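The values are calculated or read from the model by the stated rules, or taken from the named source; none is laboratory data. Quantities reported herein were computed from a predicted structural model and do not represent experimental measurements. Heads up, the Cβs are rebuilt from the backbone with ideal geometry, glycines too, and the neighbour counts pull from every protein chain shown. For the accessible areas, the whole protein counts, side chains as well, though only heavy atoms, and no ligand, DNA or RNA atoms are used. Shrake-Rupley method; radii C 1.70, N 1.55, O 1.52, S 1.80 Å.
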Amino acid sequence: MRSKKFFLLGTIALIFIGAWPSAQASEHIVKNSSISIQNIDGNTLNTKCSAILKIENMTLKEKLAQLFILTPEQLIDGYEDIVNTRAMTRLAFNDNPVSGIIYMTNNIVSPSQIRLQLYNMKQISYERTHLPPFLCIDEEGGSVARIGNNDRFDVPRFQNMASIGSGNNMVEVYNIGTSIGKYLANYGFNVDFAPVADIWTNPKNTVVRYRAFGSNAETVTKMAAYISRGIQSHGVLTCYKHFPGHGNTASDTHNGYAYTLKNKDELMSCELIPFIDGIKNKELFIMVGHISLPNLVGDGTPASLSRKIITDLLRNELGYDGLIITDALNMKAISKQYSADKAAVKAFEAGADILLVPENFKRAYEGMLKAVRTGKISEARINASLLRIVKTKLKLAQRDNMQ
């Protein structure tokens, strides 16, 4: 435990950080929707002090673990296709109390199985950290829907978002969001890595061709806002992706290097418009993609590892103060160029709060630990990200009524 003097000074300093944003409905959002997690009042000194107290009582190892979201297989190293291993999960989580878990198709077998698995993970996290875990999934609707495309689940199935977008029906897309949010909450998920806020502007682009709402900035902006609020109406947090926009690339970052030659002015007039709207609407997560922007960054550094993109553009210029998460760091746009430790450190130095699915968690964690011990990353920088993470988790805890 640090000295009381240090804690008091830290508390006073943090009070001057911008207040937790109150909910502000977009002009595009359907009114009178059910309460979302963002409607829970967090704009109080008590919330900040509670977060600060939790951070002050964390060890360095616990702090670093909270910067990662992993798959179940990464948490319990050496096993494949994990569907329910409570005892082993508890042992692994007690050693590495990570911020959350993302569940993929191979982790989802049946409604009863995934509900029990998520319930167990939540209990284990509360026991170890006194905070809920982020229980995450990619459930966009259409082609990317881990639950919706599983025949063992009796849930609504939807067309690709490109088809939905072509209808330009805002009530329809809001209702799709409420349906997705309802069944995700029913199974126990609390974070959905959706919506796709990319604008499809390159005909050669196949990675977001059917996942994006279209090629018109206004349509994509409205659709993303509607589906996001629909999902949130059941208490599931949403995440705009893939900043600063993956729709103009010809290649897929899952497979390797992908780039756009657009400059900042061109991005501001198109690709960034949905994200700017999401920032205005107080989105709690924005995911940064791995695309390269040489005419903005000056070299081929992926956006997810670029301080010019994350800190200078997203944080400072656009004024975003929510949680910034990388796209999965095991994707080949990263893993072909960077080792797991270098990728983790570069992403965090660039301004990311949460590191998603590194290629090798142990190596990524050790790289972060070394960076702290050598002074490359300060503990104050870690605490800044933890403050965002813990405040968000305290909101989830209020809803869970388990705090």
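Miscellaneous remarks
- Region 198-271 - Debye-derived log10 I(q)/I(0), Cα point model, q = 0.14, 0.19, 0.22 Å⁻¹: -0.47, -0.80, -0.99
- ASN94 versus LEU60: modelled label distance in nm, points set 7 Å from Cα along the beta carbon direction: 2.4
- Sparsely packed GluC sites (Glu not before Pro) within region 112-150, loop by DSSP, other Cβ within 10 Å at most 13: none
- Inter-site label distance for ASN295 and ARG115 at 7 Å from Cα along Cβ, in nm: 5.2
- Two-decimal ratio, region 126-191, of alpha-carbon radius of gyration to 2.2 N^0.38 Å: 1.30
- Once all protein chains are placed together, THR206 keeps about 110 Å² accessible to a 1.4 angstrom probe.
- Other residues whose C-beta falls under 14 angstrom from the C-beta of PHE361 contribute a net charge of -3, scoring Lys and Arg +1 and Asp and Glu -1.
- Taking the protein heavy atoms of region 271-403 in the context of the full set of protein chains, the accessible area attributed to carbon and sulfur is 45 percent at 1.4 Å.
- Extension gain from THR311 to CYS49, taking 0.36 nm per residue of separation minus the Cα-Cα distance: 91.8 nm
- With the convex hull constructed from alpha-carbon coordinates only, the chain shows a mean projected area of 18.1 nm² over all directions.
- Potential lengthening between ILE276 and LYS332 on full extension [0.36 nm per residue; Cα-Cα distance subtracted]: 17.4 nm
- Zone of LYS370's modelled label, taken as backbone nitrogen in region 318-362 under 12 Å from a point 7 Å along Cα→Cβ: 339-345
- Gain upon complete extension [ALA185, ASP154; 0.36 nm per residue less C-alpha separation]: 9.7 nm
- Summed over the residues of the chain and divided among them, the accessible surface reaches 40 Å² per residue at a probe radius of 1.4 Å.
- Summarised in one figure, the compactness ratio Rg/Rh of region 271-403, Cα atoms and Kirkwood Rh, is 0.98.
- Region 104-188, accessible surface, carbon-and-sulfur percent (1.4 angstrom probe): 48
- Per-residue packing, averaged as other Cβ atoms within 10 Å, sorts the ranges 294-300, 389-395 into the order 389-395, 294-300, beginning with the highest.
- Whole-percent P(r), region 179-238, all Cα pairs, 10 Å bins from 0: 25, 42, 27, 6.
- Region 334-396: chymotrypsin sites (Phe, Trp or Tyr not before Pro) falling in loop per DSSP and having at most 16 other Cβ within 10 Å: none
- With the cut-off at under 19 Å, measuring from each backbone N in region 342-373 to a point 7 Å along the Cα-to-Cβ line of ASN106 picks out 356-363.
- Between LYS362 and SER163, the modelled label-to-label distance comes to 4.5 nm, taking each label 7 Å out from Cα in the direction of the beta carbon.
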